[in-house]
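The values are calculated or read from the model by the stated rules, or taken from the named source; none is laboratory data. Since we're looking at a predicted model, the values are computed, not measured. We place every Cβ from the backbone using ideal geometry, glycine too, and count neighbours over all the protein chains shown. Ligands, DNA and RNA are stripped out before the accessible areas are found, and what is left, the full protein with its side chains, is counted by its heavy atoms. Shrake-Rupley method; radii C 1.70, N 1.55, O 1.52, S 1.80 Å.
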Amino acid sequence: MTTNAQTEDDHREGLEKYIENTEGIADYTDLYDQIDVLVKQPININKADAAALTRLPFMSPEKINTLLAHRQRYGAFQSVYELQQLEDFGLDYIKMLRPFISVEEVFTLKSISNPLFWKGGKHEVISLSTYKFEQAEGYALPDTNPNAYLGNAVREVLRYRGEINSRLQINFTTEKDAGEQLNAKAIFLSANLFFKNMGKIKALAIGDYQAAFGQGLTFGSCMAFGKSPFVLNVMRVQDGLKSYRSLNENEFLRGLGITYQLARKTELTFFYSGKKIDGTAKQDSLALNDVFTSLISTGYHRNANELNSKSVVGRRIFGAHLTQQFKNLTIGLTGVQTFLKSALIKGDKPYQLYNFEGTSITNLGIDYKWYYKNLAAFGEISSNQNFKNTSFVNGLILSLGKQLDLSLLQRHYDKSYHGTMTNAIGEGSDNKNENGLYAGFSLAPMKGYKLNTYADLYRFNWLRYQVDAPSGGKDFLLELQYAKRKSYSWYLRYRKEVKQINEEGVQHLNRMENNTRQQVRFHIETIISPALSLRNRVEWVQYQLQYGKTTHGFLMLQDVVMAPTRHLKIIGRIMYFDAQDYDARVYAYENDMLYSYSVPSFQNRGTRFYILTKYKLKRNIDIWTRFSRTAYENQTTIGSGYDTINSSRVSELKVQIKWTI
């Protein structure tokens, strides 16, 4: 296996741990890019301060202090493997960290005029085609039906990614979803130029980009990882501005953004976005103006109804962020103003009482990070106009020696707080109507073993969808890991979550009942040789209503990873699942094409397999193929609505070609 392939596998493995508990996300490309950006633009350990080093996965405050102290005493690192001289930086740990760090030189904006600058470029053209053999009902409807899928059943993605010395990125992406017509109205188009670390210009985005600051409470347009077995990773370390390379058709900015270094430790960011987004529009009978009742984030434009909802809401966003660094403290100020061309009208349900309504939103926030020895403290406070609806999040990460690390996070998200784009950590996805307290610790009691656990208690002070009273919940995770070098590893995980919901079967305001979901997983991986490794997993789920049903889910899978030649890699999986209903569903992360990831859920009873191959046809041409099939034993139809497939099985073929220049 080549070094590049090893690097790719290393950060894929880490990504799985992050996203496998993240439900409700159809496209994980943005989350992948956050890891991939670190691989493509590694942290320079000769220049980075404590704040920058916190972006690195697996870096505790104690390790950061050790690295900085060594650099201050002995000078710059000549090689990343000099980290072996540092206490508690073993070779295995350095290999895990290696894809994300470097000892590179510094460029300025004038470097663009130097021909040597352009010789460091890398260009990728990637084509992906996906086809499901069993057709959904939407394809069989006559064209006169407004719900008929107007295009063919093939999904097509074409990407160009150019990177020049990790300082200039050029990106172009187009996607046609299955069922969409191949025309400008239906497909998704995205492009941008992005300069980074060019002298005093720390970032310059032209076209489509993302922006996120502080803990993501005032503004954060990127997807972000939630609670996971990496129990210490509760502090958001945002990139500020970054290029957009994902396929989500709504959660990005389109316009111009720039970050400029005013002084050695002072940076100012301005950003502007003007774009139209999908929504459900209707005519206001009183004001005779167009209004809309909700935003639509599916990105599908397959039929007349979906096309009518495309780009109906004009949205302009103006924002600024000022960062000031002191010795151990970083302070940030963020202000964002959002204007909607059409007014958003909230619904009339009781739980929608505090939803946003109107044409403009103002967000003002202050964020901080403070480092002292083995302690990292962080937080953000944010409010809407006139400093109303104040929300805040505060946390700390503390290393109590080589074997024990602690994390704490406290949050209060006001029920009336409204953010245009937010990604602060929480149980809900909209950072409102939530109070919570999170505590986690990571213990390494002996060589090879690690125990990670967290407990999260939260409360919703107002009603929620299908919850007709203030409610609460608790989430607990315990994971024991063991690793013997890189040849053998396993982990045992237990997770329990209790939430209050409406009592099932009653159609009016009623008492709350607890729903309890428990999960037990045992996963083992064995590397038999450089050409063969095995992964096995068994998982059990129980869902129980306090006054009602109890259902169960079960999953068992076997993965085989083979590299018979240095040009060919094969990953195969066979899986059996049996989940009595949706509440007892089971999730399983799956290997996929480059820059593509998925964590599908499974219910009912059946089997699934996939075979993924990667073949290096030439030095600069790679070909991926993936065939998967899910067969149900107790179902004659799959899906719902116009996506219903009248079959007990569904088969999918993917083909991807990457041409590297």
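Annotations for the structure displayed:
- Annotation note: of Ile524, Ile571, the sole residue that is at pLDDT 95 or above, touching a Leu at 6+ places or on another chain (Cβ under 7 Å) and of a type in the set (Val, Ile, Thr) is Ile571.
- Here region 120-154 is the region considered, the condition is being in contact (Cβ under 8 Å) with a residue 40 or more places away in the chain and of a type in the set (A, V, I, L, M), and the residue that is farthest from Ile621 (Cα to Cα) is Leu141.
- Condition check for Ala191: in a loop (DSSP other than H, G, I, E, B), under 27 Å from Thr338 (Cα atoms), in contact with a Gly (Cβ under 7 Å, 6 or more places away or on another chain) and open to solvent by 20 Å² or more (accessible area, probe 1.4 Å): no
- With respect to (1) open to solvent by 60 Å² or more (accessible area, probe 1.4 Å); (2) under 30 Å from Ile623 (Cα atoms), the lone exception for Ala531 is condition (1).
- Of residues in region 508-521 being charged (D, E, K, R) and open to solvent by 40 Å² or more (accessible area, probe 1.4 Å), the one modelled with the highest pLDDT: Arg517
- Of the residues making up region 579-603, those that are assigned to a strand (DSSP E or B) and under 14 Å from Trp540 (Cα atoms) number 5.
- Considering region 382-400, and only residues there that are in contact (Cβ under 8 Å) with a residue 40 or more places away in the chain and open to solvent by 20 Å² or more (accessible area, probe 1.4 Å), the residue that is nearest to Gly214 (Cα to Cα) turns out to be Phe392.
- Sole exception among (1) within 20 Å of Gly332 (Cα to Cα); (2) crowded, with 19+ Cβ neighbours inside 10 Å; (3) out of contact with any Leu (no Cβ under 7 Å at 6 or more places or on another chain); (4) modelled with pLDDT under 95 for Gly214, by number: (4)
- Subset of region 69-84 that is out of contact with any helix residue (DSSP H, G or I) (no Cβ under 7 Å at 6 or more places or on another chain) and open to solvent by 90 Å² or more (accessible area, probe 1.4 Å) - its residue that is nearest to Asn328 (Cα to Cα): Gln72
- Flag if Phe219 is more than 30 Å from Glu652 (Cβ to Cβ) and aromatic (Phe, Trp, Tyr): yes
- The set of residues in region 322-341 that are within 20 Å of Asn384 (Cα to Cα) and of a type in the set (S, T, N, Q) comprises Thr334, Gln337, Thr338.
- Considering only residues in region 516-537 that are in contact with a strand residue (DSSP E or B) (Cβ under 6 Å, 6 or more places away or on another chain) and of a type in the set (Gly, Ala, Ser), the one that is farthest from Gly553 (Cα to Cα) turns out to be Ala531.
- Identification of strands (runs of 3 or more DSSP E) wholly contained in region 268-379 with 3 or more residues that are surrounded by fewer than 17 Cβ atoms within 10 Å (Cβ to Cβ) and over 25 Å from the mean Cα position of the chain (by Cα) yields 279-283, 313-325, 329-344, 358-372.
- Matching residues in region 564-599 - criterion: being without any contact (Cβ under 8 Å) to a residue 60 or more places away in the chain and more than 16 Å from Gln519 (Cβ to Cβ): Pro564, Thr565, His567, Leu568, Ile570, Ile571, Gly572, Arg573, Ile574, Met575, Tyr576, Glu590
- Positions within region 146-165 being within 22 Å of the chain's Cα centre (by Cα) and either open to solvent by less than 30 Å² (accessible area, probe 1.4 Å) or of a type in the set (Phe, Trp, Tyr) (or both), in sequence order: Val157, Arg159, Tyr160, Arg161
- Residue in region 616-661 that is surrounded by the fewest Cβ atoms within 10 Å (Cβ to Cβ), counting only those that are among the charged types (D, E, K, R) and more than 29 Å from the chain's Cα centre (by Cα): Arg619
- Residues located in region 137-161, provided they are closer than 18 Å to Ala304 by Cβ and among the aromatic types (Phe, Trp, Tyr): Tyr139, Tyr149
- The selection criterion, being part of a strand (DSSP E or B), open to solvent by less than 40 Å² (accessible area, probe 1.4 Å) and of a type in the set (Phe, Trp, Tyr), does not hold for Tyr576.
- Test: residue in region 390-401 that is part of a strand (DSSP E or B), in contact with a Lys or Arg (Cβ under 6 Å, 6 or more places away or on another chain), at pLDDT 95 or above and β-branched (Val, Ile, Thr): yes
- Residue in region 96-103 that is outside any helix (DSSP H, G or I), modelled with pLDDT under 75 and farther than 30 Å from Gly151 by Cα present: no
- Criterion violated by Gly120 - all others in (1) of a type in the set (Gly, Ala, Ser); (2) loosely packed, with under 15 Cβ neighbours inside 10 Å; (3) at pLDDT 95 or above; (4) over 30 Å from Ser273 (Cβ atoms) satisfied: (3)
- Pick from region 76-92, criterion at pLDDT 75 or above and in a loop (DSSP other than H, G, I, E, B), ranking: nearest to Gly448 (Cα to Cα): Phe89
- All of Ile206, Ile201 fail the test of being in contact (Cβ under 8 Å) with a residue 40 or more places away in the chain, of a type in the set (A, V, I, L, M) and in contact with a helix residue (DSSP H, G or I) (Cβ under 6 Å, 6 or more places away or on another chain), apart from Ile201.
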